[in-house]
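Taking it in order: structure first as structure tokens, then the write-up.
The values are calculated or read from the model by the stated rules, or taken from the named source; none is laboratory data. Only a predicted model underlies this, so the values are computations on that prediction, with no experimental measurement involved. Cβ placement follows ideal geometry from the backbone for every residue including glycine, while neighbour counts extend to all protein chains displayed.
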Amino acid sequence: MRHRTSSTVRVVAALTAAGTALALAGCSGDSKATELDPDADVTITWWTGQADEAESLLEDLAAEFEKDHPNVTIDISPGASSTEELLQKLSAGFASDTYPSISYSFGSWASELESSGRTQDISDKITDPDLGWDEFSEAARATVQPTGDKVIGFPALVDNISLIYNKTVFDAAGVDYPTDDWSWDDFRKAAKELTDPATETYGYEYSVSGSEETTWQFWPHLWQNGGEILSDDQKTSAFASEAGVDALEFLRGMAVDDKSVYIDQTDTKFAQLFAADRIGMMTSGPWQLYDLNTAGTDYGVTVLPGTHGDHQTVSGPDIWALFDTGDVNENYWSYELLAWLTAPEQDVRWNVAFGNLPLRASEIDSPEFQAQVEAFPGLDIMAANNVNAVKSRPTVAGYVGLSEAIGSAISRVLQGEGTPKDALEEAAQKADQALADNN
């Protein structure tokens, strides 16, 4: 299991900017089919954004699809030396009219991809009952429909953050394990009871690096309190509200007043200390379970604590973006490939086999996923927690600047500098400027 870095990527400001021409097969050619002929020979180009084992799994699936559809040739490759480079290559491809049919894309790119005018719109197809569109989480569906208008592709990967607790630390302190109906007050009380300065043991942890790790841990607190990240028109920030101030004050009270929070400036040390039985609780995702099992840590997993019964979490879905190559046959078969790939029968051989959460709720009871649960206890709870991923992080171009602004504010407050209200209002000004500069 690998933690993706999609949330920290700085996106290219203008996808339609001029770029270096790419020698790709995706949409280059002498003629384009304008009338659909599903039996015509067709080549579609697929950038997977993957490497090593993940790429091999997808290549095997592509070969299987080709065998079942002899008229279809799939030109499959990672597309770039790293996933982070795909957006720049897409931008250059749009400028030279030589872009792929399908590309893996971080969810944070979705709005910019749609604004390029090069994506397909499959809105009229997702109502097909056989597609099972409602089986994808709300956050995943929202990410492939970034402006609420077009549906530009399919979910590719889903995750969320859950509450992971260290049973050894709880047992040593004589504290009852968390339950799925815990409130944040229950959480705070337990964190204080778990903290022991003599052994340098902390109840909870929080990253104060100012990165997206800092930011996205805050969004469930904001949402559960009734707050929003952006205004309705997505042009200005909305987090410096009473809901936002209350959420940050709660975390400040734990970190500064209770001193029950390990303040991590590295994004990584907290997980090591948790595995070593020095931290009682952390909020994280499925990528942590491999390391915890390797370390032999005795842990449990449940949903995030809630506010008035709302246990909303945050998710960072990535997508398979579908591009309109101008050839109706290519467009038809690129859609058919993704509809097939994201069906439960194939997803258990891709996401589940690789150690990711299943895309669809119907896969949770599959033998393939249950085998992963046996290897990584708690993975089933994280998969079920996708029902609490009801909102998606913004995909607007200015989100990176917004995230940096509020991440810095959270970091300062949790280290005892300034008040939540002042810090969030200052962050909102910076966030609004970033949003204005990118719109």
Q | Every residue from region 211-242 that is crowded, with 22+ Cβ neighbours inside 10 Å, under 20 Å from the mean Cα position of the chain (by Cα) and among the aliphatic types (A, V, I, L, M) | A | 222, 229
Q. Restricted to region 249-267, and to residues that are in a helix (DSSP H, G or I) and charged (D, E, K, R), which residue is farthest from residue 201 (Cα to Cα)?
A. 249
Q) Conditions: (1) in contact with a helix residue (DSSP H, G or I) (Cβ under 8 Å, 6 or more places away or on another chain); (2) outside any helix (DSSP H, G or I); (3) at pLDDT 95 or above. Residue 33 meets all but one. Number of the miss? A) (3)
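Quick grid of which residues meet (1) surrounded by fewer than 19 Cβ atoms within 10 Å (Cβ to Cβ); (2) closer than 22 Å to residue 163 by Cα; (3) of a type outside the set (Lys, Arg):
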| site | (1), (2), (3) |
| --- | --- |
| 375 | yes, yes, yes |
| 413 | no, no, yes |
| 418 | yes, no, yes |
| 423 | no, no, yes |
| 426 | yes, no, yes |
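What do you reckon, is residue 436 assigned to a helix (DSSP H, G or I) and surrounded by fewer than 15 Cβ atoms within 10 Å (Cβ to Cβ)?
Values: assigned to a helix (DSSP H, G or I): yes; surrounded by fewer than 15 Cβ atoms within 10 Å (Cβ to Cβ): yes.
Answer is yes for this residue.
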Q. (1) within 28 Å of residue 208 (Cβ to Cβ); (2) of a type in the set (Gly, Ala, Ser); (3) more than 16 Å from the chain's Cα centre (by Cα): which one isn't true of residue 362, the others all being true?
A. (1)
Q. Is there a residue in region 401-411 that is closer than 28 Å to residue 54 by Cα, surrounded by 21 or more Cβ atoms within 10 Å (Cβ to Cβ) and not polar (S, T, N, Q)?
A. no
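To keep it simple, each residue is scored yes or no on (1) modelled with pLDDT under 95; (2) among the aromatic types (Phe, Trp, Tyr).
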{"site": "74", "(1), (2)": "no, no"}
{"site": "84", "(1), (2)": "yes, no"}
{"site": "92", "(1), (2)": "yes, no"}
{"site": "98", "(1), (2)": "yes, no"}
{"site": "102", "(1), (2)": "no, no"}
{"site": "106", "(1), (2)": "yes, yes"}
{"site": "109", "(1), (2)": "yes, yes"}
{"site": "112", "(1), (2)": "yes, no"}
{"site": "116", "(1), (2)": "yes, no"}
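Looking at 130, 134, which is the one that is assigned to a helix (DSSP H, G or I), under 22 Å from the mean Cα position of the chain (by Cα), surrounded by fewer than 19 Cβ atoms within 10 Å (Cβ to Cβ) and not assigned by TED's automatic domain parsing to the domain that holds residue 270?
On the way: 130 fails: under 22 Å from the mean Cα position of the chain (by Cα).
Matching residue, one of 130, 134: 134.
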Q) Considering only region 317-362, how many residues are farther than 28 Å from residue 97 by Cα and either among the aliphatic types (A, V, I, L, M) or not assigned by TED's automatic domain parsing to the domain that holds residue 94 (or both)? A) 7
Q) If you check every pair at least six apart or on different chains, which have Cβ atoms under 6 Å apart with a residue in region 52-66 that is more than 19 Å from residue 339 (Cβ to Cβ) first and a residue that is in a helix (DSSP H, G or I) second? A) 54/354
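Conditions tested, residue by residue: (1) among the β-branched types (Val, Ile, Thr); (2) at pLDDT 95 or above; (3) under 20 Å from residue 310 (Cα atoms).
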site	(1), (2), (3)
355	no, no, no
358	no, yes, no
365	no, no, no
369	no, yes, no
373	yes, yes, no
387	yes, no, yes
391	no, no, yes
398	no, no, no
